[in-house]
Amino acid sequence: MPTYADIILPLAVPGTFTYEVPEPACGRVQPGMRVVVAFGKGRKLYSGMVLCKHDQPPAGRSPQPVLEVLDEHPVATPAQLQLWQTISEHYLCTLGEVMVAALPSALVLSSNTRLVAAPGSSPAWTGDNRRDILLDALEQRHELSLQEAGQLIGLKNPMPVIKQLMNAGALQMAEELEPAWKPRLQQYVVLGPEAQGETALHGWFDSLERAPKQLHLLMRYIELSRCLTDDPREVRREELLKRSGATAAELKRLCERKVFALEERAAGVPAEGRVGKPAVLSQAQRQALTDIQAAFTSRPTVLLHGVTASGKTEVYMELVQEVLDQGRQVLYLLPEIALTTQIIGRLRARFGGRVAVFHSRLSQRERTELWMQLLHDPGSHPVVVGARSALFLPFQRLGLVIVDEEHDPSYKQHDPSPRYNARDMAVVLAGLHGAKTLLGSATPCMESLYNARHGKYGFASLRVRYGDAVLPAIVKVDLAEMHKKRKMRGSFSEPLATALELALSRKEQAIIFRNRRGYAPAWQCDTCGWIPECAHCDVSLTYHKSDHGLRCHYCGRGYAPPECCAACGSTRLRMVGLGTEKVEEELALLLPEARIARMDQDTTRGKHGLQRLLDRFGQGDIDILVGTQMVTKGLDFHQVTLVGILNADSLMRFPDLRSHERAFQLMAQVAGRSGRKHDPGTVFIQGRDIHHPIIDLVARHDVDGMYARELPLREAHFYPPFSRMVRMVLKHRDATRVQASAQALAEALKPALGDRVLGPEPPPVARVRDKHLRVVLLKLSRTAYRSEKQHLADTLDRLFAEPPHRAVQVQVDVDPL
Ligand SMILES: [Zn+2]
Ligand SMILES: [Zn+2]
């Protein structure tokens, strides 16, 4: 009986495709293996993944064959394939889109996959015409795509020929994995049997007096390894030679004398027993730990509300230890790459090289390496710290998922599809493994608080700061009053400016938060009010002083600043508004001695840009850090005693159901960067509407008050957590056409959903990159969620399959932020 396989293709086409698995391969092929198939009118070659095997031929057409099975073992686990399916169903996207997001791109082969001659092989004539043509072509062109290879040798399926040449070692795929994957080994220097303990070392100091170079090498080792302190570190052989200036012969001599020994092991994996001791928990931390453990006995998901600087990380580490002791794995998610690099040091100090890190700024090679390692040796890195994409790794014995800063909107992927929220999918992932999920935050989101209050999640809290530090004092500054009394120095009120001077004189650090990057958000004609806008988007241009240009923050295009008004010709143009670049400039004038740096998208590009900035601030090389919301993330700064929030009003003015919740979270989080053990710190909030209830709630650090204020509003308008929202953005170059399609979509949904269909409406920026946008919002009922979403999916499929709507692009965002 023939065997069939349902294949996921790396394309935005819905569903899977059934292919026939030919005789020799059908016994071996398994779900999670990659195969090569031809697809579509052009019979293009793709590598897809086997979702399942069965004996049902495809209905209504003759099956096409699988051309090649690429893997000996599956590269994705059954649990991963299940997670992909859940994501595709929940977020209304295709399985192919999820697969492309999930797999490191080295594992996704496609028609563009390149063939190259294998290193060191000189193409020998094989006597087989087709093979020789390929080898010849490779010698001349260095690389070929699979597609080109097929055309050259005139075969629809070039894979058997290619496979033969690959097996003969003559060619390989450019993105191919190392054939036999091995960890990179490193040599480490440790103290040998003759040099254990301080007394033995002192003996060597004396006896090496006549070998000053060897003595110097030993001294340098003690310094580098910190082996006489409580905080030792590992020293690589190369590092020791480089930093001591010693020769390999001198090192070898000391090894022979058993002062040193060399150990070879995989990079980052510490020798047994060389890991740190647990921290001593405070009374409050211990209580929180007990509460979490108790809550886990009855519920798989627990929310931990811990105020800023309460020491949540130590509580997490105790839980990690517990799970490791059971021989299971831990996934520790953080919303920002910067946070993963800050926490990794602390985790490695405790758990050594068993901790791995995974995020999108790692190289493809590093990502693939960790993937394969977790697949073949799950015990090698039982703790994985990562940003949202770490969710997709092949876990096999997952016991706990920690989602820290669970309120953070960075957990949501906006583009491209799948538009998933890693916090929500973490709960699904844990469920697939029978694992627990711990959500932690100082400012939990409304949905999580609601789930905790209604018993869906367990709950624990940590309401005191570590070391009994108190929360920072909040000073509200009324900008209207300051202007009237002429107490403004540029954008800074006198109280804030004075406090900055004081902090500077005490050698303490400060953070200034302003949620707009660039210099000035707009230019404006003084005579007629004209504002320059992007030619391709309906949005005003932001002035960037560093390159003296106007830039569109939606499409990135740059423009030269206009010399006169395009509407009335007046040359009286002025800049309006305040961006981080201007804040930085004003501060430099106000405090000429201060060392000031800026943290926003413009200053943190590149692989290490952000890390360098954080290192400099951490080392005290910067006095004042000016930044956008990047400074509100849960970063640990120990010397910050002053935080200034400029223009608090601008945070609360967005016409969005979450704007108050977000404003509260941003202000409470940035306030939490201030003050540690000995000094609670001070936070200045400047605003015109300074008596706004949200600012009062921030001043009182009142998360419960925030919840009590927002929840009735959400309920009255049937917003989440009472409903689930779906946001659909329609795009087309023609405004009339996109409006008509959006109208048709809304009309098609209204019979079933009534006034729970909102729109169509143009979004605040209604044209981006020359495409006109319309938004249709849905509020789906939680009780009939599945059937309503199915109705939506059917309606979308039906409506947008037909002209004239077919040309309109639709983006579906389930649970939008
Ligand atoms: Zn004008
Ligand atoms: Zn633009």
List every residue whose amide H lies under 5 Å from the amide H of Y457, counting only residues 5 or more places away in sequence or on a different chain, with H placed 1.01 Å from N in the peptide plane.
A452
Cross-link list K582/K633; K750/K771; K484/K633; K633/K750; K412/K545: which exceed 29 angstrom alpha carbon to alpha carbon?
K484/K633; K633/K750; K412/K545
So who's got an amide H within less than 5 Å of the one on Q809, skipping anything under 5 residues away but keeping other chains? H placed 1.01 Å off N, in plane.
K731
Sparsely packed trypsin sites (Lys or Arg not before Pro) within the range 715-817, loop by DSSP, other Cβ within 10 Å at most 16:
R733, R769, R782
Between T199 and R786, the two model label points (7 Å from Cα along the beta-carbon direction) sit apart by a distance in nm of 7.3 nm
Using only Cα atoms, locate the centre of the range 447-485 and the centre of the range 657-677, then give the distance between them in Å, rounded to an integer.
7 Å
How high is the FRET efficiency from A294 to N167, r the C-beta distance, R0 45 Å, rounded to 0.05?
0.20
For the range 670-757, diffusion coefficient by Stokes-Einstein and Kirkwood Rh (Cα), 37 °C, 0.692 mPa s, µm²/s:
186 µm²/s
Taking a ≥ b ≥ c as the square roots of the eigenvalues of the Cα gyration tensor of the range 311-419, is the shape rounded (a/c under 1.5), prolate (a/b larger than b/c) or oblate?
oblate
Lysines whose Cα lies under 27 Å from that of K258, excluding same-chain neighbours fewer than 8 positions away
K213, K242
Scan the range 203-236 for trypsin sites (Lys or Arg not before Pro) in coil per DSSP, keeping those whose Cβ has at most 13 other Cβ atoms within 10 Å, and list them by number.
R210, R226, R233
Quick check: Cα centre of the range 520-558 to Cα centre of the range 59-109, how many Å?
44 Å
Counting only protein heavy atoms with a 1.4 Å probe and every protein chain in place, the carbon and sulfur fraction of the accessible surface of the range 431-576 in whole percent equals 49 percent
Please work out, to two decimal places, the log10 of the ratio I(q)/I(0) at q = 0.10, 0.21 Å⁻¹ from a Debye calculation in which every Cα of the range 396-518 carries one identical scatterer.
-0.59, -1.22
So if each residue of separation counts as 0.36 nm, and I subtract the Cα-Cα distance between A279 and H717, what length gain in nm does that give?
153.0 nm
Hydrodynamic radius of the range 1-104 per Kirkwood, over alpha carbon pairs, in Å
13.8 Å
Cα extents of the range 311-350 along the three principal axes, largest first (Å):
30, 18, 16
Show the residues, 5+ positions off or on another chain, whose built amide H is closer than 5 Å to the amide H of R595.
D623, I624
I'd like the accessible area for F664, computed on protein heavy atoms only with a 1.4 Å probe and all protein chains in place. Round to 10 Å², please.
10 Å²
If the label point sits 7 Å along Cα→Cβ of R700, residues of the range 464-498 with amide N under 20 Å come out as 464-465, 470-478
Can you list the HN-Hα couplings for the range 700-705, worked out from phi with the Karplus curve (6.51, -1.76, 1.60; θ = phi - 60°), rounded to whole Hz and with x for Gly and Pro?
8, 6, 9, 5, 5, x
What list of ³J(HN,Hα) values in whole Hz, one per residue of the range 39-51 in order, does the Karplus curve 6.51 cos²θ - 1.76 cosθ + 1.60 (θ = phi - 60°) give from phi, with Gly and Pro shown as x?
8, x, 4, x, 6, 5, 8, 9, 9, x, 10, 6, 8
As an exercise, take the mean of 1/r over every pair of distinct alpha carbons in the range 520-643, invert it, and state the Kirkwood radius in angstroms.
16.4 Å
By how many nm would the segment from M1 to D755 lengthen if fully extended, with 0.36 nm per residue of separation less the alpha-carbon distance?
266.1 nm
Lys/Arg Cβ at +1, Asp/Glu Cβ at -1, dipole of the chain taken about the Cα centre: which of T340, L83, A708 is farthest positive-ward?
A708
Considering only DSSP beta bridges with both partners in the chain, what is the antiparallel share in %, to the nearest 5?
55 percent
Applying the Karplus parametrisation 6.51 cos²θ - 1.76 cosθ + 1.60 with θ = phi - 60° to the phi angles of the range 381-393, what ³J(HN,Hα) value in whole Hz is obtained for each residue in order, glycine and proline being reported as x?
9, x, 10, 10, 9, x, 7, 4, 5, 5, 3, 8, 5
Would you mind checking the radius of gyration and Dmax of the range 717-817 based on alpha-carbon positions, in Å?
13.1, 40
CD proxy at 222 nm, helix term only [per DSSP H run n ≥ 4: -39500 (n - 2.57); per residue of the chain; nearest 500]
-10500 deg cm²/dmol
Find the centroid of the Cα atoms in the range 570-625 and in the range 403-437, then give the distance between the two in whole Å.
32 Å
What is the extension gain from I222 to T571, computed as 0.36 nm multiplied by their sequence separation minus the C-alpha to C-alpha distance, in nm to one decimal?
118.8 nm
Suppose we look only past 45 Å in the calculated P(r) of the chain. What percent of the Cα-Cα pairs does that tail hold?
38 percent
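The values are calculated or read from the model by the stated rules, or taken from the named source; none is laboratory data. Being a predicted model, the structure only gives us computed values, none of them experimental. Positions of Cβ are backbone-derived with ideal geometry, glycine not excepted, and every protein chain shown enters the neighbour counts. Protein only, heavy atoms only, side chains kept; ligands, DNA and RNA dropped before computing areas. Shrake-Rupley method; radii C 1.70, N 1.55, O 1.52, S 1.80 Å.
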